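Here the structure is laid out as structure tokens; the discussion comes afterwards.
The values are calculated or read from the model by the stated rules, or taken from the named source; none is laboratory data. Worth saying up front: this structure is predicted, and the values here are computed from it rather than measured. A quick note on method: Cβ atoms are made from the backbone with ideal geometry, for glycine too, and the neighbour counts reach across all protein chains shown.
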Amino acid sequence: MKTILFVMNTMGRAGAERALIALMNALPREEYDISLLSLVNRGEMFQEVPEHVHILNRHPKARSVLSLGGQLALIGTTAKCFFYRLRGFALLGYLFRNLRLQMKDKIRLDKLLWRVISQGTPAPAQEYDLAVAYLEGASTYFVADAVRARKKVSFVHIDYQKAGYSASLDLDAYNQIDQVFSVSEEAGESFLKVYPQHREKLALFRNIIDVERIRELSHRDDIPADSPFLTSTATYKLLTVGRLNYQKGYDIAIPALGLLRNRGLDVDWFILGEGSLERELRAQIRDAGLEEHFFLLGSKQNPYPYIRKADLYIHATRFEGKSIAIEEAQVLGKAIIASDCTGNREQIIPGDSGILIPLSAENIADSIEALLGQPERIRAFEEASASKDLRHQEDLEAFLALF
């Protein structure tokens, strides 16, 4: 039986984590002995790890990584890793150098501290046939430097440059990686702008989607009866799923809804997710007078009934690698409006299953207003979404060929 170790940064409720769960479920359990290690011992998705997978974390905490408790846990993990065998002190030059580089653009402390966490985490004693860093940053550094494996693989789920990664941050991690999988063609090209020398290592691996499970979960009665999503009397309900951070563009979505309401459209917008910008976004919603129409509902264990019941799915983000949320909306046959950015362009064929737009409040409002006025076009988009084959069996076969 072949042994596989998957390494994650956290097990929070996000797209990459959901894709990992689907991938582990797709691997034949009679052929592969699978282990999982999360460098931060926290995340709601621990509770969805398949029973046959060995979780190497001691007492994994299936709680949010984005709540106050989650942020404190991240700080505690970083501090503990910094003092582990005093390895953090050896990184002081690295930290100051990269902090100076970040100050020229935007400081991203999470990216800066991933190496502290990777180098401060004890390595498993076992040697594996395959070690998989399923995210950029800490998990890739850890697999490259600490894990013993016959073959090492890493995944790129994001627009590498726009997310704030660099060769200076990564040091020589990718020299130790045998294969790099990007979840979209454009995400791969962004990675190659940083690492042109690794072109031969790069291959496409689109996210594994558990189509049947998503459809089954979408029909469960998991929306609370007092949820604003059910009590809303709006004619149209818009939905977006994603963390409350800069990447997701909610600061642009809020004024877009204001434009729609000012034009007389009876529209409410619902957001499933949590994150560091919640306080700022709630203040923006209040200042715009949209408290009864723009709702931050928090993260949901089962987002699929919300997606199924929404009139339109909106994904107006600044950048992506490849959006799991878009694919899940397509599985559930939704018409989609998405921003014209990395990743989204590979998922939405304009005029087929949805619309791609330049990211601005006016463009979002104009597109939503136009589409809501064309119910026959919405039905055509819904049919096109539902007909897509998102299982990507050929990519799974390419992954298994690594053995």
Only helices (runs of 4 or more DSSP H) wholly contained in segment 121-214 count here; list those with 2 or more residues that are of a type in the set (S, T, Y) and either modelled with pLDDT of 95 or more or surrounded by 23 or more Cβ atoms within 10 Å (Cβ to Cβ) (or both). 138-145
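Working carefully through the options I336, I368, I326, find the one that is touching a residue at least 60 places away in the same chain (Cβ under 8 Å) and crowded, with 20+ Cβ neighbours inside 10 Å. Reasoning before the result, please.
Working: I336 fails: touching a residue at least 60 places away in the same chain (Cβ under 8 Å); I326 fails: touching a residue at least 60 places away in the same chain (Cβ under 8 Å).
The match here is I368.
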Identify the single condition in (1) in a helix (DSSP H, G or I); (2) closer than 24 Å to G12 by Cβ that R243 does not satisfy, given that it satisfies every other one. (1)
Go through L169, L204 for me and flag whichever is aliphatic (A, V, I, L, M), farther than 17 Å from I326 by Cα and either touching a strand residue (DSSP E or B) at 6+ places or on another chain (Cβ under 8 Å) or without any contact (Cβ under 8 Å) to a residue 12 or more places away in the chain (or both). L204
Would you call K106 in contact (Cβ under 8 Å) with a residue 24 or more places away in the chain and assigned to a helix (DSSP H, G or I)? no
Neighbours by Cβ (under 7 Å, 6+ apart or cross-chain): first from segment 270-286, closer than 24 Å to G43 by Cα and not assigned by TED's automatic domain parsing to the domain that holds D311; second among the aromatic types (F, W, Y) and crowded, with 20+ Cβ neighbours inside 10 Å: none
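Look at segment 215-240 and say how many of its residues are of a type in the set (S, T, N, Q) and in a loop (DSSP other than H, G, I, E, B). Let's see the steps before the verdict.
Our first condition is that a residue be of a type in the set (S, T, N, Q); within segment 215-240, this holds for 218, 227, 231-233, 235, 240.
Filter once more, keeping what is in a loop (DSSP other than H, G, I, E, B): 227, 232-233, 235.
The qualifying residues number 4.
Just to check your reading of the model, which residue among L20, L36, L5 is buried (at least 21 other Cβ atoms within 10 Å of the Cβ) and free of Cβ contacts under 8 Å to residues at least 40 places away in the same chain?
Just one listed residue meets the conditions, L36.
Can you tell me which residue is modelled with the highest pLDDT among those in segment 325-364 that are among the charged types (D, E, K, R) and part of a loop (DSSP other than H, G, I, E, B)?
Within segment 325-364, the first condition is being among the charged types (D, E, K, R), and the residues that meet it are 327-328, 334, 340, 345-346, 352, 362.
With part of a loop (DSSP other than H, G, I, E, B) added as a condition, the list becomes 334, 340, 352.
On the way: K334: 96, D340: 93, D352: 81.
Looking at residues that are among the charged types (D, E, K, R) and part of a loop (DSSP other than H, G, I, E, B), I get K334.
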Determine which single condition R29 fails, assuming it passes every other condition in (1) touching a His at 6+ places or on another chain (Cβ under 6 Å); (2) surrounded by 18 or more Cβ atoms within 10 Å (Cβ to Cβ). (2)
